[in-house]
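**Q** Here you go, one structure.
A short reminder: the numbers here are calculations on the coordinates, not readings from a lab. Small disclaimer: the values here were computed from a predicted structure and weren't measured. Ideal geometry is used to build each Cβ from the backbone, glycine not excepted, and the neighbour counts take in all protein chains shown.
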Amino acid sequence: MSGDYQLVQLSNGAKTLFSASYGEKMHPGLGPQAEAELLYVRQLNLCERLQKSTGEFVVWDVGLGGAANALTALRALREIPGELRLISFDNTAEPLEFAAANSGQLKYPAGYETQLAELLQTGRVAFLNGRLKVEWQFVLADFPGWLAAHVKSDTISENRLRLPAPDAIFYDAFSPAKNPAMWTLPVFRKLFAALEPAKPCALTTYSRSTLIRSTLLLAGFYVGAGHATGMKEETTIAANKSELIAEPLGMRWLERAMRSDSAEPLPEAACVRKPLSPDTARALENHRQFAGKPAI
Ligand SMILES: C[S@@+](CC[C@H](N)C(=O)[O-])C[C@H]1O[C@@H](n2cnc3c(N)ncnc32)[C@H](O)[C@@H]1O
């Protein structure tokens, strides 16, 4: 281990991981378990969607980190008799090793220590989680690079993915200021192209920034306001089917985006804040989420 990670205590007493190299905490608001539960498990309606699913339900866990999102989901889905394929991505195993080694203090890994050890050792683990059959895989790779290698164009027909397309995505990278490579428009275009058009898929993330929302829209997603989680009064949900979004962004959001000084998607891995370019503004106005709606 390089020693990048340390434990920190939040004001509500929960402990979480802090990365010295990014200068950021994971789940800094309510702590790992509470935030994962609200932002990813409940907001994505995971229990209901898994219950209704007839085959394997596939979750892409982007930014595995210390596995708080993954383990909170596993705990919430235990009593559902179904099949879950959990595919976690990270470019380092260090936070997971750190979380496994500090299970007692973090609390949320409790009961999953053997699965974490096998995942770390072999990159995959299959087990029965209560009544749920789980196959958990860890793709140790740079996510943008992995997408670029496996999604050869921005159209689904030319994808060469060896992994099943997701039904749900946890998108939990560090912030665009510290981790811009994970928030560029090309990354989200590839991610959208990796979805199966006929398979409804929803993604949640903690950010509510105009820049991230315009990026998701331009990549092809429908986008809506997401639940509050402690420090954030709103988060974001995106999906390839509008019916998965309870509160879609409307014309009021678009008007504000047009006036914002930080709304233009990042074309590359550098966090530069700019207002929308005329081309982007036009593309947003013509997006199927807004097209035909009266201006405010
Ligand atoms: C906020 S933390 C994730 C917390 C995690 N979801 C959890 O529940 O514990 C962000 C994670 O994104 C990972 N990450 C950053 N850049 C990445 C990249 N280029 N490819 C894949 N993962 C990356 C970091 O290593 C870190 O573990």
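**Q** To test your reading of the geometry: what angle, between 0 and 90 degrees and rounded to tens, separates the Cα axis of helix 210-219 from the longest principal axis of the chain?
**A** 80 degrees
**Q** Once you put a point 7 Å from the Cα of ALA291 and another 7 Å from the Cα of LEU161, both along the Cβ direction, what distance in nm separates them?
**A** Roughly 2.4 nm, to one decimal.
**Q** Along the Cα→Cβ direction, 7 angstrom out, place labels at SER277 and MET258. What is the inter-label distance in nm?
**A** Simple spin-label model gives 2.0 nm for this pair.
**Q** I need THR122, THR235, THR54 ordered by Cβ neighbour count within 10 Å, fewest first.
**A** On the way: THR122 10, THR235 21, THR54 7.
Ascending Cβ contact count within 10 Å gives the list THR54, THR122, THR235.
**Q** For a Förster distance of 25 Å, can you work out the FRET efficiency between the beta-carbons of GLU196 and ALA228, rounded to the nearest 0.05?
**A** The pair GLU196/ALA228 has a calculated efficiency of 0.20.
**Q** Also, quick follow-up: Cross-link partners among lysines for LYS152, C-alpha distance below 19 Å, same-chain residues fewer than 8 apart left out?
**A** LYS190
**Q** So, one more: Throw me the Rg/Rh for segment 24-68, computed over C-alpha atoms with Kirkwood Rh, two decimals.
**A** Over the Cα atoms of segment 24-68, Rg/Rh equals 1.03.
**Q** Against the longest alpha carbon principal axis of the chain, how many degrees, from 0 to 90 and to the nearest 10, is the axis of helix 113-122 turned?
**A** Helix 113-122 sits roughly 70 degrees off the main axis of the chain.
**Q** Among SER214, SER88, SER21, what is the fewest-to-most ranking by other Cβ atoms within 10 Å?
**A** SER21, SER88, SER214
**Q** Tell me, rounded to the nearest percent, the portion of alpha carbon pairs in the chain spaced more than 35 Å apart.
**A** Tail of the P(r) past 35 Å holds 15 percent of the pairs.
**Q** Moving to a separate point now. Identify all aspartates and glutamates with a Cα-Cα distance to LYS199 below 15 Å; exclude those on the same chain that are fewer than 8 residues away in sequence.
**A** GLU56, ASP167, GLU243
**Q** Still on this structure, I have one more. With unit charges on the beta carbons (Lys and Arg positive, Asp and Glu negative) and the dipole taken about the Cα centre of the chain, which residue among TRP253, THR204, GLN9 sits farthest to the positive side?
**A** Toward the positive end, the furthest listed residue is TRP253.
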